[in-house]
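The values are calculated or read from the model by the stated rules, or taken from the named source; none is laboratory data. Computed from a predicted model, the values in this text were never measured in an experiment. Neighbour counts are summed over all protein chains in view; Cβ atoms, including those assigned to glycine, are modelled from backbone coordinates with ideal geometry.
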Amino acid sequence: MAGGLALLTSASISTSASGLESVRCRLQGTPRPPVFSQDGNFVIGGVFSIHYYMHTMDHSYTSMPEPLQCTGRMDSRELRFSRAMIFAVEEINNSSYLLPGVTLGYQVHDSCNSVPMAVKVAFQLANGLDPMFDTGEQCSGSATVTAIIGESASTPTISMLRIIGPLGIPQVSHSSTCACLSDKKQYPTFFRTIPSDQFQAAALAHLIRHFGWTWIGAVRSDSDYGNNGMAAFLQAAQEEGICVEYSEAFSLTNPLSRVQRVADVIRRSTAWVVVAFVSSWDMRILLREMDRLPSPPRQWIGSESWVTEPDMLRFGLCAGAIGFGIKRSVIPGLRDFLLDLSPQKVSNSPMLTEFWEGAFGCRLGKGTSSTGVGVEEKVCDGSEDIQQLQVPYTDTSQLRVTNMVYKAVYAIAHAIHSIVCEERENSTVNCDKNLHVKQTQVLERLRRVNFSRNGYQVSFDANGDPVATYELVNWQRRESGKMKFVTVGRYDASLAPDQRLDIEKEITWVKNSTQVPVSVCSESCPPGTRKAIRKGKPVCCYDCIQCGEGEISNNTNSSDCLICPEEYWPNAERDRCILKPVEFLSFHEVLGIILTACSVGGACLAIATATIFYRHRTSAIVRANNSELSFLLLFSLTLCFLCSLTFIGRPSEWSCMLRHTAFGITFVLCISCVLGKTIVVLMAFRATLPGSNVMKWFGPPQQRLTVVSFTFVQALICTLWLVLSPPFPIKNLTTYKEKIILECDVGSAIGFWAVLGYIGLLALLCFVLAFLARKLPDNFNEAKFITFSMLIFCAVWITFIPAYVSSPGKFTVAVEIFAIITSSFWLFFLLFVPKCFIILFRPEKNTKKHLMEKTSNDIRY
């Protein structure tokens, strides 16, 4: 693949000694030499953001622009990365198994963390540094480097790939994590030894959900790294049900007012947790601004870019921060290499000189020098001990990204090895250092590398990404007050989702607390309630509404309530369905006991009265009141009292059929007897008239036939009712929603009302006849009592109808029992109590003579 670019060259034609014309190409602009370089058979390029800024200038467009220059403070951590690359190259050059006999070279450049400088470096690595060179007719040639390591940031890396990608030069980044770089259509030559932010975003969302945080703030670098990383995180957070109160972007090139606005948003927010997908350079600017004014404590969640950088530990407001970092590693021999700097070695490198002078605050040289303002600078006298220096360059206790540089160099070396070396039968390796290797060959072999170095596996998937594994890092304070990085867990994206996050140690949170902070827009809705989203708010902001009647929720933060099955009802907390209580008129409850006592008591009174009548059956009052009908009436009243017992207790098929039919037949039997007694009274009066023989037509046989006939009609109605549509037990689920009423359905409503109507018809007939006979003058005349009893009987049952229809549940049955017992008692008291009183307490009136006396003014008994 051609390595020279026409945009960087101008062609001039010259004539050689042979008379042939040749093309000479000249680089445009001033080449910028690498900060570190070494020749070799195969040269590897390196690009690192060793300085923070690039010197900016105003262009007049009247003269050639000045060369690009880096400025600002040096990032000694990035210097360590570049030196780790050199260490790996030298280690490979001394290796006997990897590229034996082959020398690797390197060209390390400083991109100043800027896109223009990264683009310039990319052109230089592709074209070389010679200002003029001879080439073919199209002014093209092979690239000067076999592969490139870098850049540290995603945005400069993308800019470089736009230049070197079409040339087929492979680029292996140690720190560019933007998920966009996994797109092989746009970046086919890109590889990285650090995991993609796609995995980190998913890991951060998983972590936040693990601790129950649903209301967070988010800040990001306004760059490809921050924007793409935050976009991936927000998507993963949404899938996890996490809401974001705000999402702010900024960069160190923004005006200070922009950074201040972001800081103010964080201070005013209600979200306790802040996720910062920010580069280390941008994060320093934000934290300095946050330190300027008092700020409420915040739980910081950091991306890999800044959460493991030692220089960030000076910001105390981030104490308790957690985030995912690259796995900590050990590179044998690296520390000794980094610290093997003498003043003589340092003075041979402008970059190392700048580092030395900045670290020790002195100048390499003789004597003292003046700054021009009367201040003399200290001269380094050789007593400076780099072993005692506490800067990121010398800190090898947290080798994370440094190991990514180390692995990138070895990955490229293995790719070259697989091209130029072959293993012989005697296990010796023979390498051809003079073999011409194309960048596309290295690119193809990089896709297939798979090796282990120092216990760390190196391989790439189809997108050029490694297996994503992270350490969960926590910022904890020592007893001395200084902060340190503590690895408290692991995250492995290759495992099942529920096994990826493994927290091994206790985490120290913000404000040095051991309790997990709470960051929610709304407190969790307990079981028994549901979430009601607040209008115009994110889904994490809601009110807790108690489940409606008949509904439950058995989980925390339920979106909807569940309706209980038909025979179930919510408990008091409305978090589970329980069987509805079954209700019926029971013998064991107070109402049932009272009604049972009244029923049994009435039956006993009727039996006792029958006993009295039987013992005094020869007395005048018993004989005068038709003893046969009286005994039959007492028997029917006893049955009326006792039939009410069939209405009490759990309804069953037999009890439902028995209660209404027994009630209907016994009451008709009772009314028939009363009706017979009424007719006897009327017939007896008619029989006293001259020439009347009516009594022979209504003697005892006719009385019996009347009772049997009336009763038979009711029995026939009940039989048809039971045959066609009998009563049956049902569970009434509509009267009360919270309980089940066991009751008897009448089956055929026509049958039920026919039974009651027939009883009412007989009672009305009896009342009319008794009313006609109420003023007969005989002492034995009981028509007036029958009149009163039928009047009360009709009143009770007329009142019963609306009460029966409107009474709920078991009170429907109680109303019916009450009507039965009440009407029975009135019949009993009006028809038999006066007679019993005379028999027991006024025996002098229990004579035929007394009964035969006439009275005109009143009716005496």
Item to check | In region 593-622, the residues that are in a helix (DSSP H, G or I) and either farther than 18 Å from Leu637 by Cβ or not assigned by TED's automatic domain parsing to the domain that holds Pro834 (or both) | outcome: Ile593, Ile594, Arg615, Ala620, Ile621
Item to check | Of all residues in region 383-420 being more than 30 Å from Thr469 (Cβ to Cβ) and not in a loop (DSSP other than H, G, I, E, B), the one that is farthest from the chain's Cα centre (by Cα) | outcome: Val420
Checklist outcome for this item: The lone condition Thr596 fails out of (1) among the hydroxyl-bearing types (Ser, Thr, Tyr); (2) surrounded by fewer than 16 Cβ atoms within 10 Å (Cβ to Cβ); (3) within 60 Å of the chain's Cα centre (by Cα) is (2)
Item to check | Residue ID - modelled with the lowest pLDDT, chosen from residues in region 340-360 that are surrounded by 14 or more Cβ atoms within 10 Å (Cβ to Cβ) and not in a helix (DSSP H, G or I) | outcome: Leu341
Next on the checklist: Within region 474-592, considering only strands (runs of 3 or more DSSP E) that don't extend past its boundaries, which have at least 2 residues that are closer than 25 Å to Ala202 by Cα and out of contact with any Ser or Thr (no Cβ under 6 Å at 6 or more places or on another chain)?
Outcome noted: 483-492, 501-503
Checklist entry - Which condition breaks for Ala321 when tested against (1) out of contact with any strand residue (DSSP E or B) (no Cβ under 6 Å at 6 or more places or on another chain); (2) under 22 Å from Ser175 (Cα atoms)? => result (1)
Next on the checklist: Exactly one of these conditions fails for Ser586: (1) hydroxyl-bearing (Ser, Thr, Tyr); (2) surrounded by fewer than 20 Cβ atoms within 10 Å (Cβ to Cβ); (3) closer than 22 Å to Arg530 by Cα. Give me its number.
Outcome noted: (3)
Next on the checklist: On the basis of being part of a loop (DSSP other than H, G, I, E, B), of a type in the set (Ser, Thr, Tyr) and over 33 Å from the mean Cα position of the chain (by Cα), does Ser176 make the cut?
Outcome noted: yes
Checklist outcome for this item: Of the residues in region 282-317 that are closer than 17 Å to Trp509 by Cβ and among the polar types (S, T, N, Q), the one that is surrounded by the fewest Cβ atoms within 10 Å (Cβ to Cβ) is Ser295
Next on the checklist: Based on this model, can you work out whether Arg268 counts as crowded, with 19+ Cβ neighbours inside 10 Å, farther than 12 Å from Ser303 by Cβ and among the basic types (Lys, Arg)?
Outcome noted: no
Checklist entry - Got a sec? Which of Ser655, Ser627, Ser619 is out of contact with any Leu (no Cβ under 8 Å at 6 or more places or on another chain) and under 22 Å from Thr719 (Cβ atoms)? => result Ser655
Checklist entry - In the set Arg447, Arg424, which member is of a type outside the set (S, T, N, Q), at pLDDT below 90, at negative phi and surrounded by fewer than 19 Cβ atoms within 10 Å (Cβ to Cβ)? => result Arg424
Checklist entry - So which pairs qualify, if the first residue must be in region 400-426 and farther than 18 Å from Ala147 by Cβ, the second must be part of a helix (DSSP H, G or I) and aromatic (Phe, Trp, Tyr), the Cβ gap must be under 9 Å, and the two must be at least 6 apart or on different chains? => result Val401/Phe81; Thr402/Phe81
Next on the checklist: Looking at Val35, Val23, can you tell me which residue is modelled with pLDDT of 90 or more and either under 30 Å from Met85 (Cβ atoms) or touching a Ser or Thr at 6+ places or on another chain (Cβ under 8 Å) (or both)?
Outcome noted: Val35
Checklist entry - So Ala232 clears everything in (1) of a type in the set (A, V, I, L, M, F, W, C); (2) in contact (Cβ under 8 Å) with a residue 60 or more places away in the chain; (3) under 28 Å from Asn113 (Cβ atoms) except one condition, right? Which one? => result (2)
Item to check | Failed item, numbered, when Ala819 is tested on (1) over 18 Å from Val746 (Cβ atoms); (2) crowded, with 16+ Cβ neighbours inside 10 Å | outcome: (1)
Checklist outcome for this item: Scanning region 713-742 for residues that are touching a Phe, Trp or Tyr at 6+ places or on another chain (Cβ under 7 Å), among the charged types (D, E, K, R) and assigned to a strand (DSSP E or B) gives none
Checklist entry - Can Val458 be described as of a type outside the set (Phe, Trp, Tyr) and surrounded by 15 or more Cβ atoms within 10 Å (Cβ to Cβ)? => result yes
Checklist entry - For region 374-389, does any single residue satisfy the condition of being in contact with a Phe, Trp or Tyr (Cβ under 8 Å, 6 or more places away or on another chain), at pLDDT below 90 and charged (D, E, K, R)? => result yes
Next on the checklist: Is it the case, given these coordinates, that Val510 is within 18 Å of the chain's Cα centre (by Cα) and either assigned by TED's automatic domain parsing to the domain that holds Val273 or within 30 Å of Trp475 (Cα to Cα) (or both)?
Outcome noted: no
Next on the checklist: Taking the criterion of being in contact (Cβ under 8 Å) with a residue 12 or more places away in the chain, farther than 16 Å from Gly212 by Cβ and over 20 Å from the mean Cα position of the chain (by Cα), would at least one residue in region 523-542 satisfy it?
Outcome noted: no
Item to check | Residue ID - nearest to the chain's Cα centre (by Cα), chosen from residues in region 181-197 that are assigned to a strand (DSSP E or B) and closer than 15 Å to Val467 by Cβ | outcome: Arg192
